[in-house]
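Report on the following structure.
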Amino acid sequence: MRLILLGPPGVGKGTQAGFITRHYGIPQISTGDMLRVAVSHGTPLGREAKRYMDSGGLVPDDIIIELVKNRIREPDCGAGFLLDGFPRTVPQAEALAAARIEVDFIVEFRLDEDELLARSEGRLVHLPSGRTYHVLFNPPRVPGKDDVTGEDLVQRADDRMETARKRLEVYRLHAGALIGYYLARAGSGEPAAPRYVRIAAAGSPAEIREQVFAALDARAVVPMD
Ligand code: AMP
């Protein structure tokens, strides 16, 4: 199973990515998580990326494309992978296609702007694993601690309201073209074309998960044309 999750920041992609990757036994490739680890280790990539991330802008395409292509070449991606936060622009999507990296599904999550900002505001993350929580909608068992390791959770610097708004703006700037690109691919009739699934992401993480799995599992019973 190879899939791409699309959707604005705060829509719950990371949470759903956790459900999907556990279910299918595939790795989650989150460019945001990879960059945050690089930033926390102070690597040259991290130092370069931080300049863009702190302001809510995008890291340049060439940097991010290399990062993802190298990651997908690793052996654990042999049975599939989930891309979360990549591609974010049409050139990134084209770079995947040029590298002959095809996917089975594009899953796009949609949600109202007010709710997106509310979700970003209360979000907490466990940096080493990328596991995300929300103080109201998806709280950890022990406040402020990761459920699996017990380590501290932090608020992402770019989840503060002003930067969250900027990230949403940046998403909107690119999303229309990117969604158009994948809808066209999905409708192209090519044998390797992905299927396009749109999810209304209002509701609890479990409710949204049910919608996602219903859409992904439907593939088994819907004949391919
Ligand atoms: P995320 O965790 O996906 O919200 O990503 C956090 C930040 O990392 C973004 O606001 C960007 O600055 C950067 N980033 C993550 N993925 C990408 C990407 N595919 N292209 C460019 N920048 C990215």
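The values are calculated or read from the model by the stated rules, or taken from the named source; none is laboratory data. Remember, predicted model here, so these are calculated numbers, not experimental data. Using ideal geometry, Cβ is built from the backbone for each residue, glycine included, and neighbour counts are taken over all protein chains shown.
Go through the range 10-46 residue by residue and tally those that are part of a helix (DSSP H, G or I) and among the polar types (S, T, N, Q). Show your work before the answer.
Initially, the range 10-46 is screened for residues part of a helix (DSSP H, G or I), giving 13-24, 31-41, 44-46.
Add one more test, that the residue is among the polar types (S, T, N, Q), and what stays is 15-16, 21, 31, 40.
Selection size over the range 10-46: 5.
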Subject >> Within the range 103-166, strands (runs of 3 or more DSSP E) holding 1 or more residues that are within 14 Å of the ligand (Cβ to nearest atom), modelled with pLDDT under 95 and not aliphatic (A, V, I, L, M) >> reply: 123-126, 131-134
Original post:
Somewhere in the range 51-62, is a residue among the aromatic types (Phe, Trp, Tyr) and not in a loop (DSSP other than H, G, I, E, B)?
Top reply: yes
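One line per residue, one yes/no per condition, for (1) at pLDDT below 95; (2) among the aromatic types (Phe, Trp, Tyr); (3) crowded, with 22+ Cβ neighbours inside 10 Å; (4) at positive phi:
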residue: Arg2; (1), (2), (3), (4): no, no, no, no
residue: Leu5; (1), (2), (3), (4): no, no, yes, no
residue: Val11; (1), (2), (3), (4): yes, no, yes, no
residue: Gly18; (1), (2), (3), (4): yes, no, no, no
residue: Arg22; (1), (2), (3), (4): yes, no, no, no
residue: Ile29; (1), (2), (3), (4): no, no, yes, no
residue: Ala38; (1), (2), (3), (4): yes, no, no, no
residue: Leu45; (1), (2), (3), (4): yes, no, no, no
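Of the residues Asp146, Asp104, Asp159, which single one is farther than 25 Å from Arg198 by Cα, surrounded by 15 or more Cβ atoms within 10 Å (Cβ to Cβ) and in contact with a strand residue (DSSP E or B) (Cβ under 9 Å, 6 or more places away or on another chain)?
Asp146
Go through Gly56, Gly80, Gly42 for me and flag whichever is of a type in the set (Gly, Ala, Ser) and under 19 Å from Asp159 (Cα atoms). Write out each step before concluding.
On the way: Gly80 fails: under 19 Å from Asp159 (Cα atoms); Gly42 fails: under 19 Å from Asp159 (Cα atoms).
On inspection, the qualifying residue turns out to be Gly56.
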Original post:
Could you list, in sequence order, the residues of the range 47-57 that are surrounded by 15 or more Cβ atoms within 10 Å (Cβ to Cβ) and of a type in the set (Asp, Glu)?
Top reply: Glu48
**OP:** Please work out which one of (1) without any contact (Cβ under 8 Å) to a residue 24 or more places away in the chain; (2) in a helix (DSSP H, G or I); (3) aliphatic (A, V, I, L, M) is the condition Ile65 fails and give its number.
**Re:** (1)
Subject >> Members of the range 68-94 found to be over 21 Å from Gly176 (Cβ atoms) and in a loop (DSSP other than H, G, I, E, B), listed by number >> reply: Arg73, Glu74, Gly78, Ala79, Gly80
Original post:
Which ones in the range 1-40 are within 15 Å of the ligand (Cβ to nearest atom) and of a type in the set (Lys, Arg)?
Top reply: Lys13, Arg36
